[in-house]
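Just so you know, all these numbers are worked out from the coordinates, no wet-lab data involved. Predicted, not measured: the structure shown is a model, and the values here were computed from it. Glycine gets a Cβ as well: all are built from the backbone with ideal geometry, and neighbour counts include every protein chain shown.
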Amino acid sequence: MSLPLPTRRDEAWRYADLDAVARLWPLAAPESITVPAGGSFSRAIVQDAGGVHQIEMHLGKGARAALHILNIGGDYGRIELNVTLNEGADFTLGAAQIGSDAQTLEIITNVTHAEPGATSRQVVRSVLGGHATGTYLGKVAVARGAQQTDSEQSVKAMLLDRTATANAKPELEIFADDVKCAHGCAIGELDPMSLFYLQSRGLTPPAAKTLLLQAFVASVFEGADEEEALQDAALQKLGELV
Amino acid sequence: MLSINNLHANVADKPILKGLSLTINAGEIHAIMGPNGAGKSTLGYTLSGRPGYEVTDGEVWFTPNSVRPEPVEGPSFSTTSEDSKNSPSTSSGQAVDLLSLAPHERAAAGLFLGFQYPVEIPGVSNVQFLRECLNAQRKLRGEAPLSGGEFLKIARAQADAMGMDMEMLKRPVNVGFSGGEKKRNEMVQMGILDPKLAILDETDSGLDIDALRVVGEGINRIMRKPDKAVLLITHYQRLLDYVQPDFVHVLAGGRIVKSGGPELALELEREGYAEIAA
């Protein structure tokens, strides 16, 4: 099998060219989750073995769903979410991806506000070291007539090495005129002054880095059912990076 | 406690410290004053090992376990640093080559730098941060870690003494703190970490009169002891009203150009640096 994994050579590959990972085929059918009108759903997912994971979610009128995802495993770990929101539904995604060595980690979301008054909030944090690549591609589509949509995407990545790559691409496709769609995106490095401050108080360099990175990703898991387990798994993976 | 000999340091290849020598004995409080750009903050950063502060010459010996030999009766100020050199107070303890240590090792050895601009660390609570720091230091010194309960007891006592409530101690480090609160927090940290030598870089800047008094009292309470020493870096005499220095030095052009007793600070305040540093 000579096809390489997606690389940073080709812009288009970074996000969605699944032909490049055809060796992972055949894929299982996407998992389908339907949250009935007025219902609620939550799940924590730790992706620690690689592969492509596809989830289709449908939220009925006034339904609520929260997904918390830690994407850390495998040479190639991709999580794809296709979410459709009916009237007044509420979707929350809190995701962290932490990659080392030559890992390629991706979170791809497609959130469709099909009816008025739905809310969605996506917070994604990536920490990437070595030659790892971390990608977030998030599309929010607001259907014609889906007024009073309120959506938010907050995407941040921290690069630990100059050889690591972060891609972040929030997308909006809006066919309504009374909506609030916020998106923010930042890619940076650990602040040297913060690291020095922590070390001047006695923390070893790895401990100082871990503490800052832990704080960087921690917020995405706030309120998760299995918050502690997620934080612990994230911390363990961070410990391997610093 | 601390012996600096002919220290030269560069920042971004630019020489800032140019042959600075200073001896600080246990039990002493020294103040360093000087005009902007003299190298005051560079001295603090160089001694605590900030990356980018490159020592090009000289040496610094740190003797954390030194104790002032005999109790001093009343204020008896020596006026030259020559005197202090002749009365080494290394009655016990081993001198370490400070410059060979990493910043966290310097901290564990007993050095504390009070930052002029304490850094905000979002997402990390003060208590978590300080407990990790204290236990990291203890580990390096071969001491057992403190339990959560033991740590909280110390933290509460120090916070109380600085008029800081526990809620604030649970908040992320310095995030949303006013200038005065940040400096108070530095003092709480100093109280908890209990260093042997504190270098306080413009701890008085940004403080109102009440906060200045509280911080000054904090420095005296925590650090004015026979086995501790303080190096105060300041622009103004006003902090020295609360924390009486034993020695005052003028730093200009990367060197100490004049040393004296507390009266030197008053003289500086009156005459300005230009006259004295000339």
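Summary table
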{"quantity": "GNM flexibility winner over chain B from B:Gly37, B:Gly142, B:Gly176 (Cα, springs under 10 Å)", "calculated": "B:Gly142"}
{"quantity": "Sequence-separation-based contact order of chain A, relative, with Cα cut under 8 Å and 6+ spacing, percent", "calculated": "14"}
{"quantity": "Average partner coverage of B:96-109, which counts Cβ from other chains inside 10 Å", "calculated": "3"}
{"quantity": "Crossing angle, helix B:179-193 versus chain B [Cα axis fit, 0-90 degrees, rounded to tens]", "calculated": "80"}
{"quantity": "Proxy reagent accessibility, fewest Cβ within 10 Å first, across A:Tyr197, B:Tyr117, A:Tyr76", "calculated": "B:Tyr117, A:Tyr76, A:Tyr197"}
{"quantity": "Global size of the protein assembly as shown as Cα Rg and Dmax, reported in angstrom", "calculated": "28.3, 86"}
{"quantity": "Structure-based [θ]222 nm, chain B - -39500 (n - 2.57) summed over DSSP H runs of at least 4, per residue, nearest 500", "calculated": "-11000 deg cm²/dmol"}
{"quantity": "Segment B:171-198 versus segment A:113-175: alpha-carbon centroid distance in Å", "calculated": "37"}
{"quantity": "GNM result for chain A, Cα springs below 10 Å: residue of A:Gly138, A:Gly38, A:Gly62 fluctuating most strongly", "calculated": "A:Gly38"}
{"quantity": "Degrees between helix B:148-161 axis and first principal axis of chain B (Cα, 0 to 90, nearest 10)", "calculated": "50"}
{"quantity": "Alpha-carbon centroid distance for the pair segment B:260-277 / segment B:1-45, whole angstrom", "calculated": "18"}
{"quantity": "Fewest-first ranking of A:Cys185, B:Cys133, using other Cβ atoms within 10 Å as the exposure measure", "calculated": "A:Cys185, B:Cys133"}
{"quantity": "Amide H contacts under 5 Å for A:Thr92, placed H, 5+ residues apart", "calculated": "A:Ala65, A:Ala66, A:Leu67, A:Arg121"}
{"quantity": "Placed amide H near A:Ser126: partners under 5 Å, 5+ positions off or other chain", "calculated": "A:Gln97, A:Lys156, A:Ala157, A:Met158"}
{"quantity": "Lysine pairs meeting the criterion (Cα under 18 Å, 8 or more apart or interchain), as found in segment B:124-278", "calculated": "6"}
{"quantity": "Pairwise centroid distance, computed over Cα atoms, of segment A:189-225 with segment A:36-77, Å", "calculated": "27"}
{"quantity": "Filtered trypsin sites (Lys or Arg not before Pro), segment B:122-196: DSSP coil and at most 12 other beta carbons within 10 Å", "calculated": "B:Arg141"}
{"quantity": "Taking A:Phe221, B:Phe177 and counting other C-beta atoms within 10 Å, the order from fewest to most", "calculated": "B:Phe177, A:Phe221"}
{"quantity": "Relative contact order of segment B:109-217, defined on C-alpha pairs under 8 angstrom at six or more residues apart (%)", "calculated": "46"}
{"quantity": "GNM result for chain A, Cα springs below 10 Å: residue of A:Gln199, A:Gln147, A:Gln97 fluctuating most strongly", "calculated": "A:Gln199"}
{"quantity": "Amide H contacts of B:Glu28 (H built 1.01 Å from N, under 5 Å, at least 5 apart or other chain)", "calculated": "B:Val230"}
{"quantity": "Of the DSSP H helices in chain A, those whose Cα atoms cover at least 18 Å axially and whose Kyte score averages 1.0 or more", "calculated": "A:205-218"}
